[in-house]
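The structure appears below as structure tokens.
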Amino acid sequence: MRRSAGAPGAAGRRPASSLALAAGLVAAVLAQSPIRGLLGTAAMQSWMTVFVAVTVQALPFLVLGVLLSAAIAVFVPASFFARALPRRPALAVPVAGVAGAVLPGCECASVPVAGALVRRGVAPAAALAFLLSAPAINPVVLTATAVAFPGHPEMVLARFLASLLVACAMGWLWQRTGRADRLRPPAHGAHEGATKGEAFWGSVRHDVMHAGGFLVLGAMAAATLKAAVPAQWLRAAAGDPVLSVLALAVLAVVLSICSEADAFVAASLTQFSPTAKLVFLVVGPMIDLKLFAMQAGTFGRGFAVRFAPATFALAVAGAVLAGAVLL
């Protein structure tokens with residue numbers, strides 16, 4: 001009689017898996033008393049309150065933004081943008097920047113869309129302006145900002161103007177100083193060759209898992225700042241205008257929160273000034289760790305290492321200027 005080649009291995013794995021599961025259950029039972037005590041502390045309750053509040057508030061906007069950005073990326077042909085934009089790059093840059101205000105999409109979607117625009121013949125300066133503006137000033141993001149900062153419409157206006165200004169400035173800067181050999185978009189899009197339905201749901205699944213994970217990390221970081229970092233440290237950082245701006249600018253880069261959710265994290269940082277929070281909101285959708293990786297993968301590492309620092313500097317400067325005037 002022939003024996004299945006995989007049977008001995010499978011039989012060996014089953015007892016080991018059962019043993020690991022049993023050990024895990026025993027450990028959970030033995031540790032329930034210390035865990036209950038930890039969860040009952042004031043610091044942990046404060047952490048959980050902030051974490052749940054940020055996540056629950058931001059999640060609907062994140063899902064809505066992912067659905068809309070996937071629909072635009074799949075069902076709106078890239079040739080539409082090429083026809084709608086002026087032929088002169090200097091004029092196409094502000095038009096592309098303003099177009100970001102009416103086309104919802106998180107930064108995870110804006111990078112491949114910008115790559116598709118370049119492949120379809122759109123001026124790179126205009127495509128880059130759209131890449132930076134769309135995640136920062138679209139209706140979903142501005143609505144989320146208004147909800148996160150109730151009674152403060154000036155924060156919404158400042159975010160809109162600062163982000164649009166920086167996006168256009170980066171587009172014009174690339175037009176004057178950029179080199180075509182440093183911008184190498186891929187020959188094909190991520191979903192080319194699939195049906196529209198497959199591409200849509202594939203984009204939704206990818207963005208929900210990707211952006212949702214960063215939302216959870218951002219909510220955890222915000223909760224940890226509130227619950228674990230000594231209040232005097234936060235007051236010291238928040239009390240220095242320069243240090244507070246730089247701290248939240250770097251935090252935006254490191255946390256890599258999706259733009260549909262970052263306003264709720266910024267609003268939870270109550271120790272910091274409105275201008276510092278604005279810097280967090282302007283920098284994050286334009287340059288963070290995941291965006292740098294995506295830009296390097298889409299346009300080439302040589303492009304990313306030059307584009308990212310310039311974007312960071314202009315985003316901080318634009319946000320500080322808008323904050324000084326409007327906040």
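Since every read-out is calculated from the coordinates, none of them should be taken as a lab result. Keep in mind the model is a prediction, meaning the values are calculated, not measured. Every residue, glycine as well, gets a Cβ built from its backbone with ideal geometry; the counts of neighbours run over all protein chains shown.
The calculated FRET efficiency for the pair Arg301 and Ala23, based on their C-beta separation and a Förster distance of 35 Å, comes to about 0.20. FRET efficiency for the pair Asp240 and Phe80, taken as 1/(1 + (r/R0)^6) with r the Cβ-Cβ distance and R0 = 45 Å, rounds to 0.40. Modelled spin labels at Glu198 and Met48, positioned 7 Å past Cα toward Cβ, are 4.5 nm from each other.
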